[in-house]
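Asks: Take a look at the following structure, please.
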Amino acid sequence: MSRLIISALLALLVPLCGLARPQDDKVLKVSRTVEGAEDIFAAERQLWLLKAEQSRPELIKTRLAPQRAVVAVKDSAAFQGWRYEDAGDPGQLLYKRSFKQVKEITLDFGTHVTGYFSLHTKVLDRTPDAPVRIKLMFGELPAEMNIPLDPWQGVMSRGWMQDEYLTFETLDEYITLPRRVAFRYVRIELIGASPYFDFAIDDAFVTAVSSVGEPAVALSDDCPEIIRRIESVSNRTLHECMQTVFEDGPKRDHRLWVGDLYLQSLANRHSFRNFELVKRCLYLFAGLSSRDGLVMSNIMEHPQPHAQIGSLCLTYSLLFNSTLLEYLKDTGDYTTARELWKVAERQTREALSYVGEDWIFDKDRKGEYIWLFFDWRDGLDVDTAMQGATIFALRQTWELASLLGCTDQVRDYPAIAEKMSRAARQKLYDRKRGVFLSGKDAQLSVLSQTWMIKAGVLGAKEGAAAIRNTLSDGGAVMPGTPYGTHYLIDAMLLCGLADEAKAYLTDYWGGMLLKGADTFWEAYDPLNEYITPYGTIAENSACHAWSCTPTYFIHEYPEIFQK
Ligand code: RAM
């Protein structure tokens, strides 16, 4: 199929799904040519990468067995149309039987696991005279396991799907799949075996990996049950994403993103408290920043740590500063914060280069596209949110400088933040409606309000009104992911909307629980189960870093959530 036809199909598909496509032309156009530019951190890079390496954790390995065998049931009342029913004990249904008779079986590990899958074969009768081939399909959710994958509808690689063929040249031994998989269910199908001998699959397990074990923080005894369950699933989500970096998702994309890291570091404070891993990630971002000093949006670790070429996202670069600030508050590690201060200062300086004489952030100021990510919701206008995010970054960077005693380097930040706030109120705030609007079409969105509240442009009273006015307006653009929803809860709490924040969090994340979540999802809209930024729900990640933050809210505000 030609690229043109694929694009046309996607253009039709995406509005139905309600989320924008992450790998569309805009994102790929972000690449800037800075090869010729002076490498401003040339003197420090290697040391930063060495420090990152020194903080690399050993993974904890745990052997886990499947809990039961299951059968798939197509059911329009189930989440995304599929559910599993209990079929019995794998010991009876699989390990003791000829696999030539079993032919196909699905095993359920009872919860989300990330690791290396092994199985053992045993000759039951006569001599193996030919290789055996099986197909494995790993999945996080029932629908992903059961909807047809081909012809492929996804906008990202078909390679992310966790289906694999295994060929046994010899039997009576263990074989381990080299690929790390993230799943709850695995389907094993017989593809080919010789008629002249028989065999069984008489053991199956996963060697689960994570850099953390159990959470180090407990809930109060009288904490409501629903909050307890939400906290536990949030912690499981974070546990699975905490590998040798904070990954965004162990199924997809297996990598470190700045925006995800910021939220993970907040949740980590109240769960696993592994600050060494946060430190490693900060040094990786610093060491792998562009030659002109910008923090790249994401980093892959293998074969050696490297940033995704050209993938720059200014909203994420700025969150490097907030992550560093929170890290310093959590650890008191002034050495790291002092070393990385110059990286932080470089990010806000970049944002300021987009601020016009009218003190408004202008994404078109340099005549080239910049990626400003706030959520995957299709059609979201980000102009006003970016004004807020810039002011927030200036204030956070000022706070960092104050702690480090180097405010002289950013002396003008408080005044600029004030001027930008005043300009925002004059130009972007609709006083009559009591809300911020965004872009040429004066779009009303939740995220415009939340970022203005985070920036301190709206105080508690006006902020609370802006949130209520927006949520009660049926036409407002809502976040389509737990990432955007995190900032809504955050803003509600900043404005004193404690009851609303608790109700919203319980409803949103509790809604995923009701639909069967063992870990929280990358994309979720209570009104649309099929929401996806990727053209197919099969490509969504069902254990996604940025959805783990209820654990942060629940512990950061115990008097609100744990009573
Ligand atoms: C997706 C990933 C990741 C996120 C980026 C912006 O590709 O889910 O978590 O940070 O988008």
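Asks: Pairs only if they're at least six apart or on different chains, beta carbon under 6 angstrom, first in segment 517-537 and open to solvent by 10 Å² or more (accessible area, probe 1.4 Å), second in a loop (DSSP other than H, G, I, E, B) and more than 15 Å from the ligand (Cβ to nearest atom); list them, first residue then second.
Replies: Pairs that qualify, where the first residue is open to solvent by 10 Å² or more (accessible area, probe 1.4 Å) and the partner is in a loop (DSSP other than H, G, I, E, B) and more than 15 Å from the ligand (Cβ to nearest atom), are 528/18; 535/153; 536/153; 537/530.
Asks: Let me ask you something else. Condition first: touching a residue at least 24 places away in the same chain (Cβ under 8 Å), in contact with a strand residue (DSSP E or B) (Cβ under 7 Å, 6 or more places away or on another chain) and farther than 22 Å from residue 386 by Cβ. Now tell me which residues in segment 299-320 satisfy that.
Replies: 299, 300, 305
Asks: List pairs: first in segment 151-177 and modelled with pLDDT under 95 and surrounded by fewer than 14 Cβ atoms within 10 Å (Cβ to Cβ), second basic (Lys, Arg) and part of a loop (DSSP other than H, G, I, E, B), Cβ under 6 Å, 6+ apart or cross-chain?
Replies: Nothing qualifies.
Asks: Check 95, 116 and return the single one that is aromatic (Phe, Trp, Tyr), in contact (Cβ under 8 Å) with a residue 40 or more places away in the chain, farther than 30 Å from residue 254 by Cα and open to solvent by 10 Å² or more (accessible area, probe 1.4 Å).
Replies: 95
Asks: Within segment 72-82, count every residue that is in contact (Cβ under 8 Å) with a residue 24 or more places away in the chain and open to solvent by 70 Å² or more (accessible area, probe 1.4 Å).
Replies: So the answer is 1.
Asks: Among 405, 379, which is within 21 Å of residue 484 (Cα to Cα), small (Gly, Ala, Ser) and open to solvent by 40 Å² or more (accessible area, probe 1.4 Å)?
Replies: Sole residue among the options that is within 21 Å of residue 484 (Cα to Cα), small (Gly, Ala, Ser) and open to solvent by 40 Å² or more (accessible area, probe 1.4 Å): 379.
Asks: When the residues of segment 445-496 are filtered to those that are farther than 11 Å from residue 385 by Cα and charged (D, E, K, R), which remaining residue is surrounded by the most Cβ atoms within 10 Å (Cβ to Cβ)?
Replies: 490
Asks: So which residues in segment 356-381 are closer than 18 Å to residue 458 by Cβ and within 16 Å of the ligand (Cβ to nearest atom)?
Replies: 374
Asks: Let me ask something else about it. Could we say that residue 519 is within 16 Å of the ligand (Cβ to nearest atom), in contact with a Cys (Cβ under 6 Å, 6 or more places away or on another chain) and at pLDDT 95 or above here?
Replies: yes
Asks: Evaluate segment 127-150: report whether one residue or more is part of a helix (DSSP H, G or I) and open to solvent by 20 Å² or more (accessible area, probe 1.4 Å).
Replies: yes
Asks: Scan (1) farther than 12 Å from residue 118 by Cβ; (2) out of contact with any Phe, Trp or Tyr (no Cβ under 9 Å at 6 or more places or on another chain) for the single condition residue 173 breaks and write down its number.
Replies: With respect to (1) farther than 12 Å from residue 118 by Cβ; (2) out of contact with any Phe, Trp or Tyr (no Cβ under 9 Å at 6 or more places or on another chain), residue 173 is out only on (1).
Asks: Quick one: count up the residues across segment 183-215 that are in a strand (DSSP E or B) and surrounded by 14 or more Cβ atoms within 10 Å (Cβ to Cβ).
Replies: 21
Asks: Please find, among 33, 62, the residue that is among the β-branched types (Val, Ile, Thr), at pLDDT below 95 and open to solvent by 40 Å² or more (accessible area, probe 1.4 Å).
Replies: Exactly one of 33, 62 is among the β-branched types (Val, Ile, Thr), at pLDDT below 95 and open to solvent by 40 Å² or more (accessible area, probe 1.4 Å), namely 33.
Asks: Can you confirm whether segment 226-239 contains a residue that is surrounded by fewer than 20 Cβ atoms within 10 Å (Cβ to Cβ), at pLDDT 95 or above, hydrophobic (A, V, I, L, M, F, W, C) and farther than 18 Å from residue 139 by Cα?
Replies: Taking every residue of segment 226-239 in turn, at least one turns out to be surrounded by fewer than 20 Cβ atoms within 10 Å (Cβ to Cβ), at pLDDT 95 or above, hydrophobic (A, V, I, L, M, F, W, C) and farther than 18 Å from residue 139 by Cα.
Asks: Condition check: buried (at least 16 other Cβ atoms within 10 Å of the Cβ) and over 27 Å from the mean Cα position of the chain (by Cα). Does residue 416 satisfy that?
Replies: Criteria met by residue 416.
Asks: If you check residue 556 against the conditions, is it in contact with a helix residue (DSSP H, G or I) (Cβ under 9 Å, 6 or more places away or on another chain), within 14 Å of the ligand (Cβ to nearest atom) and of a type in the set (Asp, Glu)?
Replies: When the stated conditions are applied, residue 556 does not pass them.
The rows are residues; the columns are (1) in contact with a Pro (Cβ under 8 Å, 6 or more places away or on another chain); (2) hydrophobic (A, V, I, L, M, F, W, C); (3) more than 20 Å from residue 163 (Cα to Cα).
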site	(1), (2), (3)
90	yes, no, yes
121	no, no, no
124	no, yes, yes
127	no, no, yes
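Asks: In addition: Go through 554, 560 for me and flag whichever is in contact with a Phe, Trp or Tyr (Cβ under 9 Å, 6 or more places away or on another chain), surrounded by fewer than 23 Cβ atoms within 10 Å (Cβ to Cβ) and of a type outside the set (Ser, Thr, Tyr).
Replies: Answer to the check: 560.
Asks: Right, something else. Among the listed residues 26, 51, identify the single one that is among the charged types (D, E, K, R), modelled with pLDDT of 95 or more, surrounded by 12 or more Cβ atoms within 10 Å (Cβ to Cβ) and not in a loop (DSSP other than H, G, I, E, B).
Replies: 51
Asks: Which members of segment 98-113 meet the condition of being part of a strand (DSSP E or B), open to solvent by 40 Å² or more (accessible area, probe 1.4 Å) and out of contact with any helix residue (DSSP H, G or I) (no Cβ under 8 Å at 6 or more places or on another chain)?
Replies: Hit for segment 98-113 is 104, nothing else.
Asks: Ok, one more. Within segment 231-249, track down each residue that is touching a Pro at 6+ places or on another chain (Cβ under 9 Å) and within 18 Å of residue 57 (Cα to Cα).
Replies: 238, 239, 240, 241, 242, 243, 244, 245
Asks: Kindly indicate whether residue 316 is of a type in the set (Phe, Trp, Tyr), open to solvent by less than 30 Å² (accessible area, probe 1.4 Å), out of contact with any Leu (no Cβ under 7 Å at 6 or more places or on another chain) and within 16 Å of the ligand (Cβ to nearest atom).
Replies: Yes.
Asks: Quick one: which residue in 539, 529, 500 is within 16 Å of the ligand (Cβ to nearest atom) and out of contact with any strand residue (DSSP E or B) (no Cβ under 9 Å at 6 or more places or on another chain)?
Replies: It is 539.
Asks: OK, next. With the structure loaded, tell me whether residue 491 is assigned to a helix (DSSP H, G or I) and either away from the ligand (no atom under 16 Å from the Cβ) or basic (Lys, Arg) (or both) or whether it fails that test.
Replies: Answer is yes for this residue.
Asks: With the checklist (1) in contact with a helix residue (DSSP H, G or I) (Cβ under 8 Å, 6 or more places away or on another chain); (2) open to solvent by less than 60 Å² (accessible area, probe 1.4 Å) in hand, flag the one item residue 398 doesn't pass.
Replies: Unmet condition: (2).
The values are calculated or read from the model by the stated rules, or taken from the named source; none is laboratory data. The structure presented is a predicted model; accordingly, all values stated were derived computationally and were not measured. FYI the Cβ positions are ideal-geometry reconstructions off the backbone, even for glycines, and counts take in every protein chain you see. For the accessible areas, the whole protein counts, side chains as well, though only heavy atoms, and no ligand, DNA or RNA atoms are used. Shrake-Rupley method; radii C 1.70, N 1.55, O 1.52, S 1.80 Å.
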